[in-house]
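Down below is the structure, laid out as structure tokens.
The values are calculated or read from the model by the stated rules, or taken from the named source; none is laboratory data. For clarity, every value in this text was computed on a predicted model and none was experimentally measured. A quick note on method: Cβ atoms are made from the backbone with ideal geometry, for glycine too, and the neighbour counts reach across all protein chains shown.
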Amino acid sequence: MNKLYEYLDTVHSPYEAFVMETASSFFPVRKHWHYFIELLYVRKGQIEAICDGKWYSLHEGELLLCHSQAIHEFLPSRDSATGEIIPGQYLVIQCDLNALNTGSNYVPKFRHLFQAARQAECKVVFSAEDLQDFDTEAIFWGCIRERHQRDYGYTVLLNSFISDLLIQIVRIWRRNGLDPKDVRYVKPEDKELCMIAEYIDAHSSQSIRVQDLAEMCNMSYSYFAKNFRDYYGMSCKEYIEYVRMNKAEELVLFTDHDLNYICQEIGYFDCSHFIKEYKKNKGVTPKQHRMMMRKQKGQDVLNYFDEKDLVQKSEE
């Protein structure tokens with residue numbers, strides 16, 4: 001099973017910017033995660049996104065923020081009346097927050113602000129109305145131009161463009177209750193916790209003991225468990241299960257492997273327990289989910305829009 005983790009050389013290339021069309025051979029974008037944030041602006045049409053287990057229908061002029069380490073994917077939208085795919089074009093910026101500096105002693109660094117916003121569950125979808133006083137599209141095009149032309153001083157301009165955009169997002173959060181004065185700074189232990197996510201992804205087919213992870217971070221079990229929950233918003237066991245279920249869904253929907261093989265690939269040794277956990281997470285059994293996918297195979301094998309209702313029901 002391939003990793004969900006997507007590598008970006010943030011040392012030599014901390015920024016990326018590009019245009020994506022729903023008609024592209026690279027679309028839909030399957031489940032993945034990375035250590036940099038991803039900003040998506042819908043320029044034309046409509047697309048669907050699943051980020052951190054939540055489903056979003058994104059329309060023209062809206063912006064989605066995918067936090068660092070959030071598992072996400074992008075899918076085409078369908079017209080509710082005809083069932084036809086709605087064409088879409090969106091602009092993307094990917095950025096390592098460690099490469100940015102707010103340039104002020106009283107304003108916390110972006111990585112601290114965005115970590116606090118995620119823990120506070122601040123909004124991640126921004127409407128055209130939210131962005132009406134700011135030329136968001138021009139910022140995205142400016143980043144795309146500078147990233148691909150790479151003219152003299154382009155990294156300085158990229159830093160400026162992206163900082164402008166992120167400050168606007170922080171201002172929206174601030175108007176909705178986030179107080180930058182309450183933002184805690186990242187503790188040295190958080191760096192260890194950040195790398196644990198990559199370890200879990202790479203070793204999800206093996207038995208993973210939380211105690212062993214705590215020892216890898218040179219922490220006691222209780223201290224590691226508390227810090228992990230503070231950092232990720234869920235327990236370590238829940239996070240391991242979350243990663244495994246996302247990998248299981250990929251194998252169920254996009255391969256012909258039997259359940260015994262899938263169980264082994266994601267670290268389960270009891271097939272009946274796996275089926276029970278899959279249904280609890282996805283709302284249907286693996287077999288039912290695969291059958292739903294195959295019914296739509298004649299239309300588009302990668303579009304499984306009945307899943308949207310299941311995601312929403314599982315959140316209720």
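On the stretch given as segment 59-77, residues that are in contact with a Leu (Cβ under 8 Å, 6 or more places away or on another chain) and either in the same structural domain as Lys282 (by TED's automatic domain parsing) or within 27 Å of Arg244 (Cβ to Cβ) (or both) total 7. Listed residues Val19, Val29, Val42; which is assigned by TED's automatic domain parsing to the domain that holds Tyr154, at pLDDT 95 or above and out of contact with any helix residue (DSSP H, G or I) (no Cβ under 8 Å at 6 or more places or on another chain)? Exactly one of Val19, Val29, Val42 is assigned by TED's automatic domain parsing to the domain that holds Tyr154, at pLDDT 95 or above and out of contact with any helix residue (DSSP H, G or I) (no Cβ under 8 Å at 6 or more places or on another chain), namely Val42. If the condition is being charged (D, E, K, R), closer than 23 Å to Val210 by Cβ and surrounded by fewer than 21 Cβ atoms within 10 Å (Cβ to Cβ), then segment 238-273 contributes Glu238, Glu241, Glu265, Asp270. Evaluation of Gln69 against the conditions (1) modelled with pLDDT under 95; (2) under 20 Å from Gly88 (Cα atoms) shows that the sole unmet condition is (2).
Against the criterion of being surrounded by 13 or more Cβ atoms within 10 Å (Cβ to Cβ), over 22 Å from the mean Cα position of the chain (by Cα) and at pLDDT 90 or above, Ile208 qualifies. A single member of Tyr5, Tyr56 is within 14 Å of the chain's Cα centre (by Cα), modelled with pLDDT under 90, within 29 Å of Tyr242 (Cα to Cα) and aromatic (Phe, Trp, Tyr), and it is Tyr5.
Which one of Ala116, Ala138, Ala120, Ala99 is assigned by TED's automatic domain parsing to the domain that holds Leu65 and modelled with pLDDT of 95 or more?
Criteria check complete, one pass: Ala138.
Per-residue answers, yes or no, for (1) under 27 Å from Pro180 (Cα atoms); (2) crowded, with 20+ Cβ neighbours inside 10 Å:
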{"site": "Ala49", "(1), (2)": "no, yes"}
{"site": "Trp55", "(1), (2)": "no, no"}
{"site": "Leu65", "(1), (2)": "yes, yes"}
{"site": "Asn98", "(1), (2)": "yes, no"}
{"site": "Phe114", "(1), (2)": "yes, yes"}
